[in-house]
There are 2 protein chains.
Amino acid sequence: MLPMVTLAEVARHAQVTAATVSNVLRNPQKVRPATVDRVMAAVRELGYRPNLTARALAEGRTSTLALMLSNISNPFYPEFVLEAEAAARRHGYFLLVCNTDDNPSIARAYLDRIAGTLAAGVIVMNTDVSADELAGIAARGSTLALCMWEGARTSRALPCVTVDYAHAGSLAAEHLAGLGHRRIGALLGEGSGGPQSLRLKGFVDTLAARGIDTEALPAASCRDSIEGGYEAARTLLAAHPRLTALFATNDLMALGAIQAAADCGRHVPHDLSVIGLTNIHLAHQFRPALTTVSFPTASIASIAVALTIDRIEGRKAKRDAYKVPLPELVIRDSTAPAVRTARRG
Amino acid sequence: MLPMVTLAEVARHAQVTAATVSNVLRNPQKVRPATVDRVMAAVRELGYRPNLTARALAEGRTSTLALMLSNISNPFYPEFVLEAEAAARRHGYFLLVCNTDDNPSIARAYLDRIAGTLAAGVIVMNTDVSADELAGIAARGSTLALCMWEGARTSRALPCVTVDYAHAGSLAAEHLAGLGHRRIGALLGEGSGGPQSLRLKGFVDTLAARGIDTEALPAASCRDSIEGGYEAARTLLAAHPRLTALFATNDLMALGAIQAAADCGRHVPHDLSVIGLTNIHLAHQFRPALTTVSFPTASIASIAVALTIDRIEGRKAKRDAYKVPLPELVIRDSTAPAVRTARRG
């Protein structure tokens, strides 16, 4: 339905050469991560489809990867799936998606069923099953890679492609502190892999380093969903009406917090600044558009796929080949200087 | 992380007997569709997990289904995947998800690769490949079922589980006309399967039957996304400033239209009523919450899975067993009587 987009147009849009686009599509691990992100953004935006890939698939020169995740209804995962599927296809691989619905028994059953048989390799995003147990499965000959795991619970025996969660939290803290906020509340998400504590730790440590008293930082724990953030923000704002800013460890909760603020008669950003983490599509689609810290989703997907395929095909790469770019602050309309808040308060 | 929920609690929540819950989980096609929907809503809401299913999977008494779709980043599909995955699991089947990224070559390659080999049956939601071509693949021995196809392009040779799209459009028209709206614009979505014309036809025919002049109904065509709806609504409202209501053939576009109205200084619903179709989760999560027509997503997923498995296992069922419930109007906060609009205008 869309007109055919050419590689040259992608290059022009991303302000790189056609050779770079081609490189990004074939060997993303050899290109600077920021460039991978820019080119992949252009690929998505223009709807570019490399024909060679479709041909390779049609000719059967393909193998299969599986991507296992806990909860496809969290909108981050479909966005990730789209990137991973495109990355797999660029390598001539299929990607099958397995949703385990936060259930470790289902996750184990999927692994039994697919790892090494239906799929040559499995990228495991969900953490229902422990890293040690996964390492045991890998030791029996299956190619597994962890992805987006949050910190301590990974295993030395398994590679893990993930983002610097603490740094992401730290960027959010810098932003709010820089806007003059001192009375800040936090919403800590309970994700599929447990509490998003690393993100909160990065946030709190940076506030403390800036001389802000974090001993009594008001915080509420909730599911990492719009509804979870809504309820937690209402509770927090009722108990601490003088807060001028809220940090949420996840965009969905931040979007719920904006709605909670509106329902409490507080205007975002004039009466309350709200910042999230991840930069899912909804973050820019919402009104007010959400200030957030962007995870390098396209790079992580490309790298996890490249790493898994390198392992399947017995290739060794330097550690640097799988280096994930740092998260970046994205300022939109949900944060403003605390001064304005104080004046109104 | 969540406390264990029992079947009895699900039954209480759905106001049915435990036997009915059990029936819905095992043989949804034998239960009234409205009851299936109610029970499945309770299952999801409470996070209930039937243990037997996990055990069946772990014991390897399982086979594999595939669900092929065009665009996992449209939030309807993850919601559908979640229901279909749960339905497959209740039958002791795995569900693998294949995202074809709106590319017919990829769709064909997936079918070559999985139909009849990796997966015992494939539920095809995307329409990149023609029904006739799919019928040809089925004729060579693969079990295929179409799902959510929009009308005319299905094939007699293949079963299709879908919703009455024209009726959905008709309900939206009844609602707006009943609120006194006469100057109504329409946003027609270009989905993965082409224009959502049946929905618009149901809408326009019902307006005409209520004596509303639809000859010059202002309409704009756009991609079925928030951004698409936003741009199309801005154009439509600029060209037809006296419109009091907008109908969108898809919730995403309706959400974009609400934002466009806000950016044009028009309040929804006081200055403009907006109604969508589908009832994705975002419809109730947005502010103002979106009035829409709900598709029976859980029923469609259950029925498509049950039908496909019946065919795989060579069972015949009466036609009625696969009857999909009608869509239903869900009134929220984005529609209001036209009278108020007129007073303000």
Count - residues of region A:145-182 that are touching a strand residue (DSSP E or B) at 6+ places or on another chain (Cβ under 6 Å) and either assigned to a helix (DSSP H, G or I) or in contact (Cβ under 8 Å) with a residue 60 or more places away in the chain (or both): 10
Residues located in region A:67-89, provided they are at the interface with another protein chain (Cβ under 8 Å from one of its Cβ atoms) and among the small types (Gly, Ala, Ser): A:Ser73, A:Ala86
Conditions (1) in contact with a Leu (Cβ under 6 Å, 6 or more places away or on another chain); (2) under 18 Å from B:Leu118 (Cα atoms); number of the one not met by A:Ser73: (2)
Residue list for region A:239-256, restricted to those being more than 14 Å from every other protein chain (Cβ to nearest Cβ) and in contact with a Ser or Thr (Cβ under 8 Å, 6 or more places away or on another chain): A:Thr244, A:Ala245, A:Leu246, A:Asn250
Test: residue in region A:173-182 that is more than 14 Å from every other protein chain (Cβ to nearest Cβ), at positive phi and among the small types (Gly, Ala, Ser): yes
Selection from region A:260-278 of residues that are within 14 Å of chain B (Cβ to nearest Cβ) and within 22 Å of A:Ala301 (Cβ to Cβ): none
Flag for B:Asn51 being within 17 Å of the chain's Cα centre (by Cα) and either modelled with pLDDT under 85 or surrounded by fewer than 24 Cβ atoms within 10 Å (Cβ to Cβ) (or both): no
Those helices (runs of 4 or more DSSP H) lying entirely in region A:230-345 with at least 2 residues surrounded by 24 or more Cβ atoms within 10 Å (Cβ to Cβ), in the same structural domain as A:Arg199 (by TED's automatic domain parsing) and not small (Gly, Ala, Ser): A:251-263
In region A:83-120, the residues that are among the aliphatic types (A, V, I, L, M) and in contact with a helix residue (DSSP H, G or I) (Cβ under 8 Å, 6 or more places away or on another chain): A:Ala84, A:Ala86, A:Ala87, A:Ala88, A:Leu95, A:Leu96, A:Val97, A:Ile106, A:Ala109, A:Leu111, A:Ala115, A:Ala120
Index of the failed condition, A:Gly141 passing every other in (1) out of contact with any helix residue (DSSP H, G or I) (no Cβ under 6 Å at 6 or more places or on another chain); (2) part of a helix (DSSP H, G or I); (3) not β-branched (Val, Ile, Thr): (2)
Filtered residue count, region B:116-138, keeping only those that are of a type outside the set (S, T, N, Q) and part of a loop (DSSP other than H, G, I, E, B): 6
Every residue from region B:90-109 that is outside any helix (DSSP H, G or I), facing another protein chain (nearest Cβ under 9 Å) and either in contact with a Lys or Arg (Cβ under 8 Å, 6 or more places away or on another chain) or at positive phi (or both): B:Phe94, B:Leu95, B:Asp101, B:Asp102, B:Asn103
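Residue-wise test of (1) modelled with pLDDT of 95 or more; (2) buried (at least 18 other Cβ atoms within 10 Å of the Cβ).
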| site | (1), (2) |
| --- | --- |
| A:Ala168 | yes, yes |
| A:Ala172 | yes, yes |
| A:Gly191 | no, yes |
| A:Leu198 | no, yes |
| A:Ala208 | yes, no |
Residues satisfying the stated conditions in region B:110-127, i.e. facing chain A (nearest Cβ under 10 Å) and touching a strand residue (DSSP E or B) at 6+ places or on another chain (Cβ under 8 Å): B:Tyr110, B:Arg113, B:Ile114, B:Leu118, B:Ala119
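Here is a yes/no grid of residues against (1) within 24 Å of B:Ile72 (Cα to Cα); (2) within 13 Å of another protein chain (Cβ to nearest Cβ):
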site: B:Arg223; (1), (2): yes, yes
site: B:Ala232; (1), (2): yes, no
site: B:Leu237; (1), (2): no, no
site: B:Ile258; (1), (2): yes, yes
Flag if A:Gly116 is closer than 19 Å to B:Asp112 by Cβ and either modelled with pLDDT under 90 or buried (at least 24 other Cβ atoms within 10 Å of the Cβ) (or both): no
Any chance A:Gly185 is in contact (Cβ under 8 Å) with a residue 24 or more places away in the chain, part of a strand (DSSP E or B) and in contact with a Pro (Cβ under 6 Å, 6 or more places away or on another chain): yes
Residues of region B:301-330 satisfying the condition of being among the β-branched types (Val, Ile, Thr) and in contact with an Asp or Glu (Cβ under 8 Å, 6 or more places away or on another chain): B:Val324
Qualifying positions in region B:192-218 - within 13 Å of B:Glu174 (Cβ to Cβ) and in contact (Cβ under 8 Å) with a residue 24 or more places away in the chain: B:Gly202, B:Phe203, B:Val204, B:Asp205, B:Thr206, B:Leu207, B:Arg210, B:Ile212
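The values are calculated or read from the model by the stated rules, or taken from the named source; none is laboratory data. It should be emphasised that the depicted structure is a prediction, and the values quoted were computed from it without experimental measurement. Reconstructed Cβ throughout: ideal geometry from the backbone, glycine too, with neighbour counts over all protein chains shown.
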